[in-house]
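Only the coordinates and a few stated rules stand behind these numbers; no lab work does. Because the structure is a prediction, the values reported are computed rather than measured. So basically every Cβ, Gly included, is an ideal-geometry build from the backbone, and we count neighbours across all protein chains shown.
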Amino acid sequence: MRRTPELRVSDLRQYHYCPRVVYYQYVMPVDKKTTYKMEKGKAAQEELEELEKRRKLKAYGLENGRRRFNWWLHSQSLGLSGRPDMIIETEDALYPVDFKYTRGRPQKNHMFQLAGYALILEESEGRPVEKGFIYLIPQKDAVVSEITREKKQECLQILDQIRDMVENEKFPDPPSTRAKCVDCEYQNYCRDVW
Ligand code: SF4
């Protein structure tokens, strides 16, 4: 059965960061402000993709593997699609990888994004996906994420929550910490927060 509305894997990350970000995208599309951090992240990401094609897999703790870029993932039964920054394919496993331009450690919302890719890959490729990586661009370091059954289950629950929010046009509360709003591209629309 086709799940609607069709969602993107990045919605999992954004919903966990702040549900309003996803609400604005689906229920009340608005012009958003591109932040300096986003521009910088995109440029660094393009550069990294070129470098990755030549680099060894040591940063990921892997001996061998093939890097795959621009692999669009889609699952009709999950109603979910997305494109990881990279997928490493070895003889017996697949690892989704996301590049992040951040100085901090990866957050839980980044891990949800990897778990979303894992759900689609497991369905389309018919093999378990139990690990992924967040590559921290400034530190040149890859952080492994265990993609457990519980995490995948949590992702499925979040997808249900997003669909409920969108279908019933439920405007969510802001996050408990206003620090998240400082770099947010939607801050012009959250007048109750400022
Ligand atoms: S400004 Fe704050 S409350 Fe509004 S969408 Fe951004 S993070 Fe959420």
Quiz item: Say we look at the stretch 180-192 and pick out the residues that are within 13 Å of Tyr24 (Cα to Cα) and in a helix (DSSP H, G or I); which of these is nearest to the chain's Cα centre (by Cα)?
Solution: Gln187
Quiz item: part of a helix (DSSP H, G or I) and away from the ligand (no atom under 16 Å from the Cβ), is that true of Gln161?
Solution: no
Quiz item: Any residue in the stretch 119-131 that is under 20 Å from Pro29 (Cα atoms), under 19 Å from the mean Cα position of the chain (by Cα) and surrounded by 12 or more Cβ atoms within 10 Å (Cβ to Cβ)?
Solution: no
Quiz item: Are there any pairs, at least 6 apart or on different chains, whose C-beta atoms fall under 9 Å, with the first in the stretch 168-194 and on the phi > 0 side of the Ramachandran plot and the second more than 7 Å from the ligand (Cβ to nearest atom), and if so, which?
Solution: Glu169/Tyr23; Glu169/Val27; Glu169/Met28
Exercise. Could you check the stretch 49-123 for strands (runs of 3 or more DSSP E) lying wholly inside it with 3 or more residues that are under 26 Å from Asp164 (Cβ atoms) and in contact with a strand residue (DSSP E or B) (Cβ under 6 Å, 6 or more places away or on another chain)?
Key: 80-82
Exercise. Only residues that are among the hydrophobic types (A, V, I, L, M, F, W, C) and either on the phi > 0 side of the Ramachandran plot or assigned to a helix (DSSP H, G or I) (or both): list them for the stretch 141-158, please.
Key: Cys155, Leu156, Ile158
Quiz item: Pick from the stretch 2-21 the residues that are more than 13 Å from the chain's Cα centre (by Cα) and within 13 Å of the ligand (Cβ to nearest atom): which of them is surrounded by the most Cβ atoms within 10 Å (Cβ to Cβ)?
Solution: Arg20
Quiz item: Under the condition of being within 24 Å of Leu80 (Cβ to Cβ) and assigned to a helix (DSSP H, G or I), which residue from the stretch 164-179 is farthest from the ligand (Cβ to nearest atom)?
Solution: Glu167
